[in-house]
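A quick write-up on the structure given underneath.
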C-alpha cells in the first residue's frame, strides 16, 4: 500500500517538481517577447495550468459518479472501463492504468485507446526530455567550474553524475522524495538570492533596466510559450500527488497555493533577470554571472544541487510507468538505474538543451495539461455552464496554439 501524503508533503513535491531548470530560462523567455507581455502572460499560464489540472480531477469525479449510477441501475457493461481509476484489479488481472496516475486511463475510457497512448506518450516524452536537459546542464555546470570542457572530461562528469543519480533511486514513493524536494527548494532559493544580489549591484551602479524593451522588436511567442510551459508543467506529478494525498478534498487548495507562490516567483525571476542583462540575457540566466566570482561559482554549485535533487521527482512518472510495466519481476532500483544510465547516454548525444526545454514544454504542458483534460471533461459534462465552456475553449485554443507554434 502506498504511503499517503500530508498536505505539506504534497506541496513540497508539487513545488519542487515545478521550480527547477525552467525558472532560470524565464529571463531569456522574457527577452523574446518583452517584459510587458511576459508580465501579463505568466499569470495567465499559471491560471490555465491550474484549471487544466482541476478539469482532469473533475472529469475523474464525473466519470466515477456516472459509473456508480450505472451500477445502481444494473446497466454496467462489465468491461474494464466500468472500474474505478485508482488501479484496482480488473477481471482479467490487469490494472486499469499505466502507472502515470489516473488520467491517461480516464482518457482511454472516454476517448479510446489511441488517445490514451497519446496522453501517456506525451507525458513520458516530456519528462524524458526534461531529464535529458537536467543532465546536460549539470555536466555543463561542472565543466564551467572545472574549466575543462573537453570530451574526456565530459565522460568523467557523466560517469560521476550517473553514480550520484542512481544513489537517489532508492526513494521509492513521493512521500520518500518529499525530503529531497525540500533540499532542492532550499538550494533553488539560494540561486534566486544570488540573482537579487546581482540586481542590487546593478541598481547601485545605475545600469539596471537601461536596455530592456516593453515589447520585443521581433517577438517569438512560440519560444516564450515553450519555456514558460516547461517551467509550469507540473501536471504529471500533480495527478500522482492527488492519487496519493491523504486528504483529497484539500487538493485544489494545495494546487492553488503552490501555483500562486510559483507564479509570483517566476514573475520576479523573469523580470529581474531581464532587467539585469537585457538583450544579452543567455538561455540560463546564471551563465550571465561574472566568471570566476563567488556569485558565479556558488550559482553553478547550487544549480547542480537543485537539478540533482529535482531529478528523482522529475523522473518519477517515468519510473512509475516502467515499474508498472514490469510489475515486481525486476527490482525497482535496478529499473531506475537503467533509466538513469539511458538518460545520461542520450544527454551526451543531444546538445540543444534550450530546444529540448521548448519541446518538452509544448508537449508536456500543451497536450496532457491543457487540451486533453478539457476535451475529456466536455465530453462527460454534456451541458456545461457558460463560464465553464468559455474557459474550456480558451484553454483548448491556448494549448493548440502552443503545440503548433513550437514546431513551426
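The values are calculated or read from the model by the stated rules, or taken from the named source; none is laboratory data. Note that the coordinates shown come from a computational prediction; the quantities given were computed from them, not determined experimentally. Cβ: placed from backbone, ideal geometry, glycine included. Neighbour counts: every protein chain shown.
Remarks
- Selection status of residue 97, assigned to a loop (DSSP other than H, G, I, E, B) and either surrounded by 14 or more Cβ atoms within 10 Å (Cβ to Cβ) or modelled with pLDDT of 90 or more (or both): yes
Conditions tested, residue by residue: (1) more than 21 Å from residue 306 (Cα to Cα); (2) surrounded by fewer than 17 Cβ atoms within 10 Å (Cβ to Cβ); (3) at pLDDT 85 or above; (4) within 25 Å of the chain's Cα centre (by Cα).
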residue: 134; (1), (2), (3), (4): no, no, yes, yes
residue: 208; (1), (2), (3), (4): yes, no, yes, no
residue: 220; (1), (2), (3), (4): yes, yes, yes, yes
residue: 229; (1), (2), (3), (4): no, no, yes, yes
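- Subset tally (residues that are assigned to a helix (DSSP H, G or I), within 30 Å of residue 197 (Cα to Cα) and more than 23 Å from the chain's Cα centre (by Cα)) for region 292-336: 5
- A search for C-beta distances below 7 Å between a residue of region 29-49 that is farther than 13 Å from residue 398 by Cβ and any residue that is surrounded by fewer than 17 Cβ atoms within 10 Å (Cβ to Cβ) and at pLDDT 95 or above, counting only pairs 6+ apart in sequence or on different chains, returns nothing.
- In the set (1) under 19 Å from the mean Cα position of the chain (by Cα); (2) surrounded by fewer than 14 Cβ atoms within 10 Å (Cβ to Cβ); (3) modelled with pLDDT of 90 or more, the condition left unmet by residue 179 is number (3).
- Tallying residues that are at pLDDT below 90, assigned to a helix (DSSP H, G or I) and in contact with a helix residue (DSSP H, G or I) (Cβ under 6 Å, 6 or more places away or on another chain) within region 254-291 yields 3.
- Residue in region 63-73 that is at pLDDT 90 or above, on the phi < 0 side of the Ramachandran plot and either buried (at least 16 other Cβ atoms within 10 Å of the Cβ) or not in a helix (DSSP H, G or I) (or both) present: yes
- For region 98-118, a residue qualifies if it is in contact (Cβ under 8 Å) with a residue 40 or more places away in the chain and either out of contact with any helix residue (DSSP H, G or I) (no Cβ under 8 Å at 6 or more places or on another chain) or under 19 Å from residue 17 (Cα atoms) (or both), and the qualifying residues are 99, 100, 101, 102, 103.
- Hits in region 370-391 (condition: in contact (Cβ under 8 Å) with a residue 60 or more places away in the chain and either in contact with a strand residue (DSSP E or B) (Cβ under 8 Å, 6 or more places away or on another chain) or within 18 Å of residue 119 (Cα to Cα) (or both)): 370, 372, 373, 374, 375, 376, 377, 379, 380
- Within region 218-248, tally of residues that are farther than 21 Å from residue 124 by Cβ and part of a loop (DSSP other than H, G, I, E, B): 5
- In the set 215, 251, only one residue is part of a helix (DSSP H, G or I), under 26 Å from residue 44 (Cβ atoms) and modelled with pLDDT of 85 or more; that residue is 251.
- Residue selected from region 263-273 under the condition touching a residue at least 40 places away in the same chain (Cβ under 8 Å) and surrounded by fewer than 22 Cβ atoms within 10 Å (Cβ to Cβ), by the criterion nearest to the chain's Cα centre (by Cα): 263
- Filter result for residue 364 (surrounded by fewer than 17 Cβ atoms within 10 Å (Cβ to Cβ) and in a helix (DSSP H, G or I)): no
- From the options 113, 167, 141, 152, residue that is closer than 23 Å to residue 312 by Cβ, at pLDDT 85 or above and surrounded by fewer than 22 Cβ atoms within 10 Å (Cβ to Cβ): 167
- Pairing residues of region 274-302 that are on the phi > 0 side of the Ramachandran plot and in contact (Cβ under 8 Å) with a residue 24 or more places away in the chain with residues that are outside any helix (DSSP H, G or I) and surrounded by 22 or more Cβ atoms within 10 Å (Cβ to Cβ), at Cβ distances under 7 Å and at least 6 apart in sequence or on separate chains, gives no pairs at all.
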